[in-house]
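Q: Have a look at this one before I ask anything.
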Amino acid sequence: MFLKNTWYVACTPDEIDGKPLGRQVCGEKIVFFRGPDGKVAATEDFCPHRGAPLSLGFMREGRLVCGYHGLEMGTDGKCAGMPGQRVGGFPGLRTFPVIERYGFIWVWTGEAELADPAKLHPLEWAESSDWAYGGGLYHINCDYRLMIDNLMDLTHETYVHASSIGQTEIEESAPSTKIEGESVVTSRFMENVMPPPFWASALRGNNLDGDVPCDRWQICRFTPPSHVLIEVGVAHAGKGGYHADPAHKVSSIVVDFITPETETSIWYFWGMARNFRPQDEALTAMIREGQGKIFGEDLEMLEAQQRNLLANPTRRILKLNIDAGGVKSREMIDRLLEQEKRPEAA
Amino acid sequence: MFLKNTWYVACTPDEIDGKPLGRQVCGEKIVFFRGPDGKVAATEDFCPHRGAPLSLGFMREGRLVCGYHGLEMGTDGKCAGMPGQRVGGFPGLRTFPVIERYGFIWVWTGEAELADPAKLHPLEWAESSDWAYGGGLYHINCDYRLMIDNLMDLTHETYVHASSIGQTEIEESAPSTKIEGESVVTSRFMENVMPPPFWASALRGNNLDGDVPCDRWQICRFTPPSHVLIEVGVAHAGKGGYHADPAHKVSSIVVDFITPETETSIWYFWGMARNFRPQDEALTAMIREGQGKIFGEDLEMLEAQQRNLLANPTRRILKLNIDAGGVKSREMIDRLLEQEKRPEAA
Amino acid sequence: MFLKNTWYVACTPDEIDGKPLGRQVCGEKIVFFRGPDGKVAATEDFCPHRGAPLSLGFMREGRLVCGYHGLEMGTDGKCAGMPGQRVGGFPGLRTFPVIERYGFIWVWTGEAELADPAKLHPLEWAESSDWAYGGGLYHINCDYRLMIDNLMDLTHETYVHASSIGQTEIEESAPSTKIEGESVVTSRFMENVMPPPFWASALRGNNLDGDVPCDRWQICRFTPPSHVLIEVGVAHAGKGGYHADPAHKVSSIVVDFITPETETSIWYFWGMARNFRPQDEALTAMIREGQGKIFGEDLEMLEAQQRNLLANPTRRILKLNIDAGGVKSREMIDRLLEQEKRPEAA
């Protein structure tokens, strides 16, 4: 069960650079490509001629050409031509609203007439030259909500990411969860702790001492349908923590866009936005590589958890205080799902 | 749905050279082997003793010996012996009529009493020393009819085989389709076109200039159950095309025997028969290698098309003029399927 | 259908050396680990917190720590702690009776209150310094009863293991099968035969001539649920065969513990116990390597047989005299299964 009348990240611009991309989103097999004006388009990935996936084709002058017999698909889902054929009466394809913004292609798999660019989640950092962003994409065989749970309870860092960002002080510091409008916010603050390897390295990357006690924070913010943006950082101890002067801290935003592929698989767009040394591309690459390794550690656990849950469908699991972020996020999703089902009641 | 009372290619002689071969044809798991007289036999691939596949066994004096406990199976499907056992009362296996001819082993998976060697499709070139043949075998996960469609509409060459036999003139030349008795024939003629790389090479292989305008032809002939033989060739332009003197042309027959394995998978026996330089084995090998690469390009497309069709079972696809060959072939198959179901009505 | 109120081999001690092991036995997903006292424990492999497999975790001071969020599981299936949590009310896990003995960990997946260490199959050789043991583990996709059949009818050695322990004299010697209490015993004796390669090598390994006629014996003993212990050996011909003086023979016990994983897959613990040169570890390693190769030859046949039987569910297979060992073993299993279903009738 996933929300459909909402924007999900479908892909990044480099994935449709000069070629179409086939990707399943919310159960819909979709082909993404750029039209003649360079604008992104999305249609069903099914050639009306013989049913071949259009994504196996190629781009020619802004038209998507089927790689089997040459049917040309326009961005409006209508056949734009085919050698030796009159295509006027050809059946069209469903198109999906898409937006390119913030360095991502976003798709709306619900009712097209409800698609509203204003409903796109704002990402100020993505349009500011004070910030740099680097990230990647993982395919994971799990329900998208298991990944939300994962990100809204960073206790797991101590175990899953013990060698990089985990430290026992995380689980010793109780998180607090609250609702802020359409967001769920779970915060955790640790005072006077030694920074774990990833943060020690980040401090040094920002020309700060990495071997001294710090105050550390994690502010996880869920917004529907399945975005989790996490403010993370460390400041030298006693300098004000989260509110410390930039001269004493290093901080960033962990970016997690979780796009359901099927009920039990996701496209996981992860990354990090930072506002220190934003022009330093080598630093961006180094952070991305480090983050990629760390976030790859979640895969095995999430897929094993998913298999275990599927094998035990009637079994209840716990909702502890540390799980409040995930629990509240799921409640918000459930409420919105209900609204989608009965819009008149909303 | 496939025809059963008909001959399909099961394998080539080298596949049963001194050993049994297990292969599923039309849903039947069959073991093929040579009896004591060298004649091919086919029985169910199931040892009556403990159910092991007989195809994992070995040949001993014309008997197929089960590799598990040594039961010996005769060509008549009756147990011919087993160490220390009286085998008279052992249950027998179903046998399948088989014929070895034209360089292939043919099998009849329908009612044995209807099997008639006279119904085998004649292949004159296969018994003439003026002709040479080379070919291969691919396993493809698609309905056999998708491969018939593919071969009866060569428009796809322009897209799927762009670097070898494709050229835009193909799709610019409308094909014509007609019924000739028990055959469907789709023909396409192109005049005064430059030969694409495969044909330029073939011309040179026949000591003809490969860089001059040519007339090109493709005459696709479907015969039930699922054979497609295609006369293809090029002649130097203005020399009479298809009817040109052999001194001015190079031609051959593309041979396609499509054997259903299951409803959605096939054994695809492809090859080329030619009547120029038939003794030149190096040329045969070169052509086979080139054809193997080209025909391998269809695999990904056909399997992706099959997956797309299975995922969209209610969706209609188009039947354009270029699809007439496949459409008429399917109509002929459907008519014969109906006859098989109700033989008394025929 | 497998017996549940019985002991199966779950694993060997090295598999839980300092770490937990997840293994499915009789359909139950179980995690095996050592408690603080070093004693083996077994619980469901499902963390009560969020459903992650506990077997992905690690050991800390005799507690199994979940690798996702740190829940600590005790050997009693009760949560022993979790950072920042009061765990008193946490739901517990089912535990499974386990015994470590004879070099194996044994598990009881049936009713715990019926678990009785006295019901463990005695293995005198495993506790005697006059004997040495070496073995291994294979995972095979077949019903456990197909492996019992395999081991109770060694006729297959002539075919499956032709290059090592097979010889035609096996199938020429009729076996005899009898019931001895709770055992099925199938015996085969061959007189004055040349030893096949494995036994020739074993004779030489015991400082005996390996190229002279021998008497050979195989005494297969099935005991429920699925143990097959086979006395095998050769003696120089005319020295008394099975009863010959140790100076003239070489003998050992083939050990087969077959643990059902699912209805159609097993964990197959194979090995060999011998009472000659028991201190010679190089010999143990050499025998294990040889046996491993030979026993690996059964895998392909058993998995192919299983697939063939599943594809032909209504088909009957034969029960010849050579199959009597397997047939009687299955009858014993069926009788015990009936008793498990209706204990009051027993």
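The values are calculated or read from the model by the stated rules, or taken from the named source; none is laboratory data. Since the model is a prediction, treat every value here as computed from it, not as a measurement. Here Cβ is always computed from backbone atoms with ideal geometry, including for glycine, and neighbour counts include all displayed protein chains. What goes into the accessible areas is simple: the full protein's heavy atoms, side chains included, and nothing from ligands, DNA or RNA. Shrake-Rupley method; radii C 1.70, N 1.55, O 1.52, S 1.80 Å.
Q: Could you state the per residue volume, in Å³, of the convex hull enclosing the Cα atoms of the range C:169-316?
A: 144 Å³
Q: Starting from the Cα of C:K39, draw a straight line to each of the lysines and keep only those under 21 Å, dropping any in the same chain fewer than 8 residues away.
A: Straight-line reach from C:K39, under 21 Å: C:K19, C:K29, C:K78, C:K119.
Q: Another one. At 1.4 Å probe size, with no ligands or nucleic acids counted, give the accessible surface of A:F295 in Å², nearest ten.
A: In the full protein context, A:F295 sits at about 20 Å².
Q: Could you pull the copy-to-copy label distances for B:P246, with points set 7 Å along Cα to Cβ, in nm to one decimal and sorted shortest first?
A: 8.4, 8.4
Q: Given a 1.4 Å probe and every protein chain left where it sits, what share in percent of the accessible area of chain A is carbon and sulfur? Walk me through the numbers before you get to the answer.
A: Details: 7080 of 14350 Å².
It is 49 percent, rounded to a whole number.
Q: Please report which chain C residue places its beta carbon nearest the axis carrying chain C onto chain B, with the distance rounded to a whole angstrom.
A: Per the Cβ-to-axis criterion, the result reads C:N141, 13.
Q: Something else about it: To the nearest 10 square angstrom, what accessible area does B:M332 show with a 1.4 Å probe?
A: Counting only protein heavy atoms, the figure is 10 Å².
Q: Using the Karplus equation 6.51 cos²θ - 1.76 cosθ + 1.60 (θ = phi - 60°), what ³J(HN,Hα) coupling, rounded to whole Hz, does each residue of the range A:46-58 give in order, writing x for Gly and Pro?
A: 8, 5, x, 5, 10, x, 5, x, 4, 5, 7, x, 8
Q: If the cut-off is 20 Å between C-alpha atoms, which aspartates and glutamates fall inside it for C:K178, apart from same-chain ones fewer than 8 positions away?
A: Straight-distance partners of C:K178: C:D149, C:D153, C:E231, C:D256, C:D323, C:E331, C:D334.
Q: So what is the 222 nm mean residue ellipticity for chain A from helices alone, if each DSSP H run of at least 4 adds -39500 (n - 2.57) and you divide by all residues, rounding to the nearest 500 deg cm²/dmol?
A: Taken over chain A, the calculation gives -7000 deg cm²/dmol.
Q: Hey, got the Cα dimensions of the protein assembly as shown along the principal axes, in Å, largest first?
A: The Cα atoms of the protein assembly as shown stretch 95, 93, 53 Å along the principal axes, largest first.
Q: Residue by residue, what Karplus-based ³J(HN,Hα) values in Hz, rounded to whole numbers, does the range C:60-70 have, using 6.51, -1.76 and 1.60 with θ = phi - 60° and x for Gly and Pro?
A: The phi angles translate into 9, 6, x, 10, 8, 9, 5, x, 9, 10, x Hz.
Q: For chain B, what size does the Cα cloud have along each of its three principal axes, sorted from largest down, in whole Å?
A: 75, 49, 35
Q: Pull up the cross-link candidates among the aspartates and glutamates for A:K341, meaning alpha carbon to alpha carbon under 14 Å and not fewer than 8 places away within one chain.
A: Output for A:K341: A:E111.
Q: Which whole number gives the average, over all residues in A:44-50, of C-beta atoms from other chains lying within 10 Å of the residue C-beta?
A: Mean inter-chain Cβ contacts per residue within 10 Å come to 6.
Q: Any idea what log10 I(q)/I(0) is at q = 0.13, 0.15, 0.19, 0.25 Å⁻¹ for the range C:102-191, Debye with uniform C-alpha scatterers and no solvent?
A: -0.73, -0.95, -1.29, -1.27
Q: Moving on to the next point. Using a Gaussian network model of chain B with C-alpha springs under 10 Å, which one of B:T223, B:T168, B:T264 is most mobile by mean-square fluctuation?
A: B:T168
Q: Sticking with this structure for a sec: If you count, for every residue in C:66-73, the Cβ atoms of partner chains within 10 Å of its Cβ, what is the mean?
A: Averaged over the peptide's residues, the number is 6.
Q: Give me a single rounded figure for A:150-159: the average over its residues of other chain Cβ atoms within 10 Å of their Cβ. Before the final figure, lay out each step's value.
A: Values: counts 3, 0, 0, 3, 1, 8, 7, 1, 3, 11.
Counting other chains' Cβ atoms within 10 Å and averaging over A:150-159 gives 4.
Q: So, for the protein assembly as shown, what is the accessible surface per residue at a probe of 1.4 Å, expressed in square angstrom?
A: 41 Å²
Q: If you don't mind, there's one more thing I want to ask. Using only Cα atoms, what Kirkwood radius does the range B:7-118 have, in angstroms?
A: Evaluated on the range B:7-118, it is 13.9 Å.
Q: Would you work out the relative contact order for chain B, in percent, from Cα pairs under 8 angstrom that are 6 or more residues apart?
A: Result for chain B is 18 percent.
Q: So, one more: Go through B:K249, B:K19, B:K39 and list them by solvent-accessible area, largest first, probe radius 1.4 Å.
A: Heavy-atom accessible area, descending, gives B:K39, B:K19, B:K249.
Q: How many angstrom lie between the Cα centre of the range C:292-326 and the Cα centre of the range B:94-163?
A: The range C:292-326 and the range B:94-163 have Cα centres spaced 35 Å from each other.
Q: Now for a separate question. What's the center-to-center distance, using Cα atoms, between the range A:252-271 and the range B:211-250 in Å?
A: 55 Å
Q: Something else about it: With a 1.4 Å probe on protein heavy atoms only, work out how much accessible surface C and A bury together, total over both chains, in Å² to the nearest 100.
A: 2300 Å²
Q: Right, something else. In the range B:128-178, what chymotrypsin sites (Phe, Trp or Tyr not before Pro) fall in a loop by DSSP, with at most 10 other Cβ atoms inside 10 Å?
A: Filter output for the range B:128-178: empty list.
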